[in-house]
Every structure is written in C-alpha cells, then in structure tokens.
1. Name the single residue that is surrounded by the fewest Cβ atoms within 10 Å (Cβ to Cβ) among those in segment 91-124 being touching a Lys or Arg at 6+ places or on another chain (Cβ under 6 Å) and under 30 Å from ILE266 (Cβ atoms).
2. Please go through segment 115-145 and pick out each residue that is closer than 18 Å to GLY322 by Cα and either of a type outside the set (A, V, I, L, M, F, W, C) or in contact with a Phe, Trp or Tyr (Cβ under 8 Å, 6 or more places away or on another chain) (or both).
3. Regarding VAL372, is this residue open to solvent by 70 Å² or more (accessible area, probe 1.4 Å), touching a helix residue (DSSP H, G or I) at 6+ places or on another chain (Cβ under 9 Å) and closer than 30 Å to GLY98 by Cβ?
4. So how many residues does segment 125-163 have that are in contact with a Cys (Cβ under 9 Å, 6 or more places away or on another chain), β-branched (Val, Ile, Thr) and crowded, with 21+ Cβ neighbours inside 10 Å?
5. Would you check which residues across segment 406-448 are modelled with pLDDT of 95 or more and in contact with a Cys (Cβ under 7 Å, 6 or more places away or on another chain) and list them?
6. From the set of residues in segment 276-298 that are of a type in the set (Gly, Ala, Ser) and within 17 Å of TYR261 (Cβ to Cβ), which is least open to solvent (accessible area, probe 1.4 Å)?
7. Just to be sure I understand, how many residues within segment 164-196 are more than 20 Å from the chain's Cα centre (by Cα) and either of a type in the set (Phe, Trp, Tyr) or buried (at least 20 other Cβ atoms within 10 Å of the Cβ) (or both)?
8. Could you please find all residues in segment 311-365 being of a type in the set (A, V, I, L, M), in a helix (DSSP H, G or I) and closer than 30 Å to HIS221 by Cβ?
Amino acid sequence: MVRDYSSEILITKSSDLAQEYELIVVGAGIVGCATAFAFGKQGRRVLLIERDMSEPDRIVGELLQPGGVLALEKLGLTNCLDDIDSTPCHGYQVFYNGESVHIPYPKNDKGTPYRGRSFHHGRFVMNLRRAVAKVPNVTICEGTANEIIRCSISKHVLGVVCTPKDNSEIFRRFFAPLTIVVDGCFSKFRKDFIPKEVQVKSNFVGFIMKDCALPCQYHGHVILGKTAPILMYQIGTHETRVLVDIPGKLPSNGTGALKEYIEREILPGIPKSVQQPFYEAIQHQRLRSMPNSFLPPSTNTTEGLIMLGDAMNMRHPLTGGGMTVGFNDVVVLLELLSHEHVPDFSDTKLILKKMEIFHWKRKFYCSSVINVLAQALYALFSANDQNLYVLREACFEYFKIGGICIDHPCGMLAGVFTNPFLLITHFFAVAILGIWRLFVDGGTMQIPKNVVKSTM
C-alpha cells in the first residue's frame, strides 16, 4: 500500500532527522541482506527492515551457481557459505530416454573448473543476516513494512511505515532519500510500481531424500520426464533435495491426489538407483509446493525507489539462476551508486539516470543470458508440441557431442559466460542439428513434410 504523508512530514520530519538513514532496504532475504551489507560497507547509513528474523524454511534458493559464488566474493560474503553443511556442485548429469550425459562446469582462465555450492536455504540466509548485523552503520528493524510513503506533489518515495514485531499497534515512520524494496517473489509492493504481471505456468513440488547416493555425486541431476523435468541435488551431508515440476493446475495434496500423481507419472521415469529413497520420501514427508514464476525485468522509474531481486525480475528456477542474478545485480548497483558516482542519495534524478544504465548493464553483465536460458530450457524440457519435442531431442544430442557444445551452455547456465550472442549462436546450432536429424531420420518421402517442420 502507498500513502501520501507529505502534510504530516512537514510537521514531524524535523523531529525525526536524528533517525534518518541514507538508505532503507525492505526485506532481509538473499538479495536484501547482500544489498544492506554492501551499501553499509560502502559507508552508507542503512536501515534493514524484515518481518521475521527467524530462520526461513523454503524448498528453493538452495543452489548457488559459480557465477553467484564469484559475485559473493566481490561483495565480501563468501564466508557465509561456511559452517552450514553446504556441498560443492561441479556440474550436471542429464537423463533422457534411458541415456545420460555428463555436463561439468567449464574451467576458468587458470584451468580450474568452476564450482557452485548447494545448501539449506534458511541456513545461508541466517549467515547473511549475521554478516549484516556486524556492519556498524546498518540498523536492523524486525517488523512489517506496511506502506510506502510518497510525496503528493512530486510522487517520489520518502520512506516506509513499519509495524514493529513486538508491538503491532505502533506505526513507525522511517525516512530516507532512497528505498530499495527486495521483498521477494510474493512482493506486496510490486503492483504499485511495476505494471507487468507475474506469470505462473507450473509448480515445483519439493521433498528431501535421506542418505541417498546419487548416480553422479556432487552434481545436479536433471531428469527429463514425460511431462516436465525433475531436479535432484545434494544440500547437506545426508540430504538430497528433489524438485518435481508439475505443469498447469497442481493436484490436491490434501486428498492424496498429488502423491498418487507423483507415484504414477514421475517415479517410473527416474533412475532406478534412487527410486526406493524417492518412494520412501513421498510416503513419509509432507509434500511442499512453490509456484514457478516468470516476471520480465522493468526499469525503475520512481524517484527515491528501487525494486530489486524477485520483486522486480523472476525466471523459471529450473536452472537455479535466481540468486546468481540477484548477487550480480547488487555488484552492478553498488558500482553505479558508489560515492564517486552518486555522492548523495537525495539526488533522485541522478539515481534514475543510473537506473537506466543499470537496466541495460545487468542484461549484458549476467541476467539476460540466465533469464532467456531458464525460460528456453524449461520450454524444451517440458515440450508439449511436436516442434519443441524435436528441439528437445536435438538439445540432448547436442550435449552428447561434448566440447564447446557442453562447455558454453553450461558456462552460461553457471553465470560465468554472459555474452548474449554466445547464447544465440548455440541456439541456432541446436536448431540446425534438429533440422538435420529431421531429414536424416525422415528419408526421401518425408522431405516435404520436414521442410514445413524445419520452418516451424
């Protein structure tokens, strides 16, 4: 909700000046914590508002790609991956029609393979919050951000109205020249500042397999099922996360229809070595779901406000790119809004100009490749028409070639190869391979038909 408090501010703001901050960050999740930490380290006076500082419990946000690990290093937050029983991730193993292909992460300039990390989401968030709490000029407020304060004349954002957690009857007003809203995929403020609608075409159903030996240890496993992909990756010494993508309307969990669907449609298609722990997990655990959302990025156009993280941009979580995009966004934003470029956050028009640069720079820095790849791969892996089915077959055959046919796609998925033209090149290579297979497998009689298919 947005309310105009400008008349009250004229009376009360002078008494609040001692409490003013340079920056208010709404949301202490993955990206919110990184934002507050980075700008606090930069020397800005930051207020971080979070509704609940207890450990969150989610079934997504558990795999950090190598590009995200590199961004953490730039932000000085690498130690947040320690002491949470995180496990290394060296790449992927993809299963399709009884075959599998190994897709390791590529090597860096020194010849060392890139490496991701997987972990319990909540443990990682708590480490980030502890890191933020140690920054002297960052203040943490546990409470609910109820409203955004805007000026009725200029419409620029002035601050936030907050209800402290320990007293819901008190409304506190915090003022700052810049407010960054990072309140996640279910953002309560998004609709007030972003006209684009969130699209949801499927849900992830998640559970954990205990002490399960995956076919390829320390790798993410992608199983291309009949209807949609299934993901498996280790998030601790004894725990392996399973995410089952279910397109369309989710079967009822309460009536048992969801479990029956997974047993009937999903279980037979996964590798036999993990079928028993998979079956035991769905029998004894609560099946939890999460919508897979898509929201294209928007340029921030409101003075005094920046939307960041999943509140501004989401892609299908199939490729695990959300945190990598988020951390890299903070790296780019930190540079653009440094003291050198923006000495005073009160210069809101200058910040708007920087946000135009941010919108395009983040695309070429990281986000566009990960966003497009996530949506494209999900479309292929959940192919529901003949043309996409041909491309899915071609994509798997392309991976089997090896060399740059896996190094480049995996590097883009990992967030370490960020050139959009590289993505375009490999997309057309897969398409050409698919067309070639159509003609080779179809024979002379199928040529007219395959010409039409190739065009499609």
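1. Among those that are touching a Lys or Arg at 6+ places or on another chain (Cβ under 6 Å) and under 30 Å from ILE266 (Cβ atoms), it is VAL101.
2. ARG115, GLY116, ARG117, SER118, HIS120, HIS121, GLY122, ARG123, LEU128
3. Numbers: open to solvent by 70 Å² or more (accessible area, probe 1.4 Å): yes; touching a helix residue (DSSP H, G or I) at 6+ places or on another chain (Cβ under 9 Å): yes; closer than 30 Å to GLY98 by Cβ: yes.
Yes.
4. Qualifying residue count, segment 125-163: 3.
5. Within segment 406-448, just GLY415 meets the criteria.
6. Only one residue fits best here, namely ALA281.
7. Of the residues in segment 164-196, 8 are more than 20 Å from the chain's Cα centre (by Cα) and either of a type in the set (Phe, Trp, Tyr) or buried (at least 20 other Cβ atoms within 10 Å of the Cβ) (or both).
8. The initial filter retains those residues of segment 311-365 that are of a type in the set (A, V, I, L, M), namely 311-312, 314, 318, 323, 325, 330-334, 336-337, 342, 350-352, 355, 357.
Of the ones still in play, those that are also in a helix (DSSP H, G or I) are 311, 318, 323, 325, 330-334, 336, 350-352, 355, 357.
Those that are of a type in the set (A, V, I, L, M), in a helix (DSSP H, G or I) and closer than 30 Å to HIS221 by Cβ: LEU318, MET323, VAL325, VAL330, VAL331.
The values are calculated or read from the model by the stated rules, or taken from the named source; none is laboratory data. All values derive from a computational prediction rather than experimental measurement. Cβ sites come from the backbone with ideal geometry, for glycine too, and all protein chains shown count toward neighbours. Calculation scope for accessible area: heavy atoms of the full protein, side chains included, ligands and nucleic acids excluded. Shrake-Rupley method; radii C 1.70, N 1.55, O 1.52, S 1.80 Å.
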